[in-house]
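For reference, the structure discussed in these notes is given below.
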Amino acid sequence: MDRRTFLLLTGAGSTALLGSPRHVTTPPHERRAGRLRFELDEGRRWSLWYLGDGSPVPLILNATLGAWIADQFLTLGDLEYSAVGSRRPPGGDAVVVRGRAGGTYLEAELLAGPPAVAPLATVSLSVYPDRDLPSVKGVRFFQAPAAEIMPGVGELVALVNGSHSSAGVRLMALPPRPRDGSPEIASHGALGLVREARSLALAFDSDDPGEGKVNLSTEGLDALSAWAPARPLRPDGDTSRLRLCYQPDGDGVEALRALFVPTSQVDRERLAATPAPAGWSSGRDLRASLTEADVINHTDFCAEQFDPRFLQLIELGEGYQRAAGDWDTNDRFSHGHRWLTDQIHSRRFQAGLWLAPFGVSEQCGIPAAHPDWLVRNPESHAPAVLETREDWGGRVYALDAAHPAARQWLFDLAHRVVGEWGYNYIRLDRLRWASLGGAHYGGLTPAEACRLGLGALRDGAGSNAFLLGGDAPLQHSVGFVNGMRIGPDRDGGWSGIQAPARAAALRSFYHRSVWLNDPDTLTVGPPLSLAEAQVWTSIVAVSGDITVLSDDLLKLDPERLALLARALPVAPSTGRPIGAARDEPEVAARPASIWIAEGTPRWWTVVLANWEDEAMPQSVSLAALGLAGARFNAYDVWRAAPLPDLTRALTAQLDPHSCITVGIRPAAARPQIIGTTRHVVQGAVDVVDETWDAVTRTLRARATNLDRRAYAVTIAVPKGMRPGTWKADVPCSVRRLESGHAVLEWAAGAGGNGGDVGWEIRFRRVGAPGKD
């Protein structure tokens, strides 16, 4: 992550094992450091090896590095007057190759980072002009059969990243099975590979002149940066980079997560502490009939039901606009933007707005007035029509952000949305439209034009506005947005939440590394059953992603509203799927079935989900979860009830379309809290200052961030002890369960709204009633 991304994320306002436990992941604290090493052969082909405790492990063999210059593909082996050397930059070792070919100079650097549990490497190729500025079509980093990538007997499985954020992500076996008429398969921006529980992650830099992708075919893998169409070389040269990360024990998601971790410890710590927004959006469900009164009514309802410290945002979604390109309000919003944001702010919320900034329709007048601003069709060179929608103003075209005047228009739009209209948060949709078409103004590539447009929006909105990207080219959005929708749109019902749930797992490596992930809206109303709504709520809450509600809240019953309250505020922890990219592709077409989050040190929340249409058991070993210890206390979050202690695995028989969400803590020889009813992620929000006084046998703690709901704390009590006397800042009751657990309970309204309650309970030994 570059410094700009870090400032954006910190400076704004306020799996599945899927029944396949055959491999046990080594817990992170037991993994040992290794290092990567590059080798060049006589033909200047490169190979990458992993050096760990045993024999060297081959990762990529006999790879050819080169660039398409004009009509020639020139490799390092084609260089004239070339030289090979080495250097030791801070934190690594590099092999450097320089030489001349085809009227250009090529310089390759193969950099292996320092020893690490998940060591890193970078392959860079820089192209510099000689006397002329030849056209460059792109860079190839390697082309290899699947058998030469982490060679072994097991199947090579790829985590394939779609061409943009809404295109989704999936797993597939390599080489792919040939299918008649199937389109070319490519992973865009990033790729995760797994073989025999070994994983290799690849990613392309965000400022690359081209589109980084790995083409996957029966012939193998082809990793390249495609500068489509070709463009003249810059006078000061161009560089493309491929970054790699290897994990000897893990899956493709874990390797990608390690690859995207910011290099600075300060950046990592501050990024981890950045609060993820939560709010309500009018969204897709209300857009056809959305009115100003609907937004005000929901704002008032949110102010009544939720603490604005925990649900901070009210977002005006699609349906308010006059037309694409004319983002002022239509007749259903007669008071205009500024009046609406003033109303939202007066109720102590931030205001958000949905935009598709690169789309301009006939009705807005820009296509007729400024045809030179539009992206052209590569074949006909006429302005490319993206969609034809009456509610968007007829035919819709894309702005070419490489054009200086179009870029100024984007800057002015973002500046007006924040400065004049008063919005704090902008949802930028259809961002992939900026990278469509052939050559852009000035001969720039689509990738370069896209980044220029995003830069104009970012600068116009200012550093204090929160920008959320959507339907975006992921590689080239890095550094410009604070958050990103990382999957396809959620549709109604059980099947509709599965694609967002799958993306939330397989793209979890982006979260708190380059931006904050948005898995799509948290909806809990019909047609979802209550059990299905608990599944989606559990995953959204445990992921720690941006949480935006979009139900018609006025129609939800109290039981459904209570689910939403259990996901707020967004937990500061970052959840992760388990084994999300290790399973058979046929099985892993379903969403991740196992998630884990650490709400506070050594207090975990685990979700086991059943996505099937029939009841089935789910099980995960504690070792696979990375939990080391002899015995663990367990608590059923949705039933608010203790479970038998865990020793080796968490196992449950689950109904169709349901989950079990379990709080887990290492068992102790003293009483300790094992669960509360405040939040899905146990220990993340409401428990602080938990202490045990061994002399007086007193457990003390403070409950924070309470709302108006009833509240209960469940305590594991060792044999030989029972609850005795207790006291609290607000009166409560204590009862003892047959299992021996103690439960402290406060009535509804006891904690006010966001209040804190201190409490303590003294335990006595069995056989000495009434005595300490």
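Over all Cα pairs of the range 697-751, how is the pair count split among 5 Å bins, expressed in % and running from 0 up to the last occupied bin?
Pairs per bin, as whole percents: 4, 17, 31, 24, 14, 8, 2, 0.
Just the Kirkwood number for the range 266-334, please: inverse of mean 1/r across all distinct Cα pairs, in Å, one decimal. Intermediate values should be presented prior to the final figure.
Numbers: mean 1/r = 0.0718 Å⁻¹.
One decimal place: 13.9 Å for the Kirkwood radius.
Of the peptides 322-328, 694-700, how do they stack up when ordered by the mean number of other Cβ atoms within 10 Å, highest first? Walk me through the intermediate numbers first.
Working: 322-328: 20.4, 694-700: 14.4.
For the peptides 322-328, 694-700, the packing ranking is 322-328, 694-700.
Would you kindly state how much longer the chain becomes between residue 80 and residue 51 on full extension, computed as 0.36 nm times their sequence separation minus their alpha carbon distance, in nm to one decimal?
Numbers: separation 29, 0.36 × 29 = 10.44 nm, distance 3.27 nm.
Fully extending the segment from residue 80 to residue 51 adds 7.2 nm.
Compare the peptides 44-51, 259-266 by average per-residue count of other Cβ atoms within 10 angstrom and give them in order, highest first. Please report the intermediate quantities before stating the final value.
Details: 44-51: 19.4, 259-266: 15.4.
Ranking the peptides 44-51, 259-266 by packing returns 44-51, 259-266.
Work out the charge dipole of the chain with +1 on the Cβ of Lys and Arg and -1 on the Cβ of Asp and Glu about the Cα centre, then indicate which of 575, 637, 291 is farthest towards its positive end.
637
Mind listing the Cα extents of the range 651-758 along all three principal axes, in Å, largest one first?
Ordered largest first, the range 651-758 gives principal extents of 47, 37, 23 Å.
By how many nm would the segment from residue 228 to residue 668 lengthen if fully extended, with 0.36 nm per residue of separation less the alpha-carbon distance?
On the way: separation 440, 0.36 × 440 = 158.40 nm, distance 6.09 nm.
Length gained between residue 228 and residue 668: 152.3 nm.
Between residue 338 and residue 689, what is the label-point separation in nm under the 7 Å Cα-to-beta-carbon projection?
4.7 nm
Taking only the alpha carbons of the range 115-178, what extent do you get along each of the three principal axes, in Å, biggest first?
Reported extents, whole Å, longest axis first: 50, 36, 24.
Let's see if you can work this out: charge +1 on each Lys and Arg Cβ, -1 on each Asp and Glu Cβ, no other charges. What is the dipole magnitude of the range 63-167 about its Cα centre, in debye to the nearest 20? Kindly include the intermediate steps, with their values, before the conclusion.
Working: 7 positive and 10 negative charges, 45 e Å.
Roughly 220 debye for the range 63-167.
Quick check: the distance between the Cα centres of the range 602-670 and the range 355-421, to the nearest angstrom?
51 Å
Of 151, 129, 217, which is farthest along the charge dipole of the range 92-242 in the positive direction, counting Lys and Arg as +1 and Asp and Glu as -1 at C-beta?
Projecting each Cα onto the dipole axis, the largest value belongs to 217.
Give the Rg (one decimal place) followed by the Dmax (whole number) of the range 594-705, computed from C-alpha coordinates and expressed in Å.
14.8, 53
Please report the net charge: other residues with Cβ closer than 12 Å to the Cβ of residue 278, K and R +1, D and E -1. Could you put the intermediate results ahead of the total?
Working: positive: 309; negative: 307, 315, 518, 545.
After counting each charged neighbour, the total is -3.
For a quick check: with amide H placed at 1.01 Å from N, whose amide H comes under 5 Å from residue 60's, ignoring anything fewer than 5 positions away on the same chain?
48, 150
Could you derive backbone 3J(HN,Hα) for the range 320-328 from the dihedral phi with the Karplus parameters 6.51, -1.76 and 1.60 (θ = phi - 60°), listing whole Hz in sequence and x where the residue is Gly or Pro?
So the Karplus estimates, Gly and Pro as x, are 8, 7, 6, 6, 4, x, 10, 9, 6 Hz.
Return the calculated 222 nm mean residue ellipticity for the chain, to the nearest 500 deg cm²/dmol, obtained by summing -39500 (n - 2.57) across DSSP H runs with n ≥ 4 and dividing by the residue count. Kindly include the intermediate steps, with their values, before the conclusion.
Details: 12 runs with 118 residues, N = 772.
Mean residue ellipticity at 222 nm (helix-derived): -4500 deg cm²/dmol.
Accessible surface of residue 213 in the full protein assembly, 1.4 angstrom probe, to the nearest 10 Å²?
We get 40 Å² for residue 213.
List the equivalent ellipsoid semi-axes of the chain in whole Å, largest first, each obtained as the square root of 5λ for an eigenvalue λ of the Cα gyration tensor. Mind showing how you got there, number by number?
Working: eigenvalues 432, 247, 89 Å².
Whole-Å semi-axes of the equivalent ellipsoid: 46, 35, 21.
Just to be sure I understand the model, the point goes 7 Å from the Cα along the line to the Cβ. What's the resulting residue 733 to residue 696 distance in nm?
Reported label-point gap for residue 733 and residue 696 is 2.6 nm.
Can you compute log10 of I(q)/I(0) for the range 388-499 with the Debye formula, treating each Cα as one identical point scatterer, at q = 0.18 Å⁻¹?
-0.97
Can you work out the FRET efficiency for the pair residue 122 and residue 345, with r the C-beta to C-beta distance and R0 = 30 Å, to the nearest 0.05? Display every interim value, and only then the final one.
Values: r = 46 Å, r/R0 = 1.53.
Computed FRET efficiency for residue 122 and residue 345 comes out at 0.05.
State the answer as a single residue: which of 487, 335, 306 lies farthest towards the positive end of the charge dipole of the chain, with beta carbon charges of +1 for Lys and Arg and -1 for Asp and Glu, about the Cα centre.
Value: 306.
Can I get the semi-axes of the range 88-197's equivalent ellipsoid? Compute them from the C-alpha gyration tensor as square roots of 5 times the eigenvalues, in angstrom, largest first. It would help to have the intermediate numbers written out before the result.
On the way: eigenvalues 187, 100, 38 Å².
Semi-axis lengths for the range 88-197 are 31, 22, 14 Å.
Which three extents, in whole angstrom, do the alpha-carbon atoms of the range 473-587 cover along their principal axes, largest first?
41, 35, 24
Placing unit charges on C-beta atoms (Lys and Arg positive, Asp and Glu negative, everything else neutral), compute the dipole magnitude of the chain about its Cα centre in debye, rounded to 20.
Working: 79 positive and 88 negative charges, 560 e Å.
Computed charge dipole of the chain: roughly 2700 debye.
Per-residue HN-Hα couplings for the range 69-84, Karplus 6.51 cos²θ - 1.76 cosθ + 1.60 at θ = phi - 60°, whole Hz, x for Gly and Pro?
With coefficients 6.51, -1.76 and 1.60, one gets 10, 6, 9, 10, 9, 9, 10, 4, x, 8, 5, 9, 6, 8, 9, 10 Hz.
Number of Lys-Lys pairs in the chain under 30 Å by Cα, sequence gap 8 or more or different chains? Don't jump to the answer; show the numbers that get you there.
On the way: 137/213; 719/727; 719/771; 727/771.
Value for the chain: 4.
Report, please, the projected area of the range 171-309 averaged over directions, based on the convex hull of its C-alpha atoms, in nm².
Details: hull surface 64.1 nm².
Convex hull of Cα atoms, orientation-averaged projection: 16.0 nm².
Rounded to whole Å, give me the distance from the Cα center of the range 671-723 to that of the range 181-240.
50 Å
Take peptides 735-741, 442-448 and line them up by average Cβ neighbours within 10 Å, highest first, as a rough protection proxy.
Numbers: 735-741: 13.0, 442-448: 20.7.
Packing proxy ranking, top to bottom: 442-448, 735-741.
If I take all pairs of Cα atoms in the range 662-711, what percentage of them are more than 18 Å from each other?
Working: 431 of 1225 pairs.
Tail of the P(r) past 18 Å holds 35 percent of the pairs.
What number does the range 331-409 give for Rg over Rh if you use C-alpha atoms and the Kirkwood radius? Write down the numbers at each step before the final one.
Values: Rg = 16.2 Å, Rh = 14.6 Å.
When Rh is taken as the Kirkwood radius, the ratio is 1.11.
Expressed as a whole number of Å, what is the distance separating the alpha-carbon centroids of the range 506-573 and the range 447-502?
With the range 447-502 and the range 506-573 each reduced to a Cα centre, they are spaced 18 Å.
How far apart, in nm, are two points set 7 Å out from the Cα along the Cα-to-Cβ line at residue 88 and at residue 765?
So the two model labels end up 6.3 nm from each other.
The values are calculated or read from the model by the stated rules, or taken from the named source; none is laboratory data. The structure displayed is predicted, hence computed values, not measured ones. Cβ atoms come from the backbone with ideal geometry, glycine included; neighbour counts cover every protein chain shown. Just the protein is used for accessible areas: all its heavy atoms, side chains included, with ligands, DNA and RNA removed. Shrake-Rupley method; radii C 1.70, N 1.55, O 1.52, S 1.80 Å.
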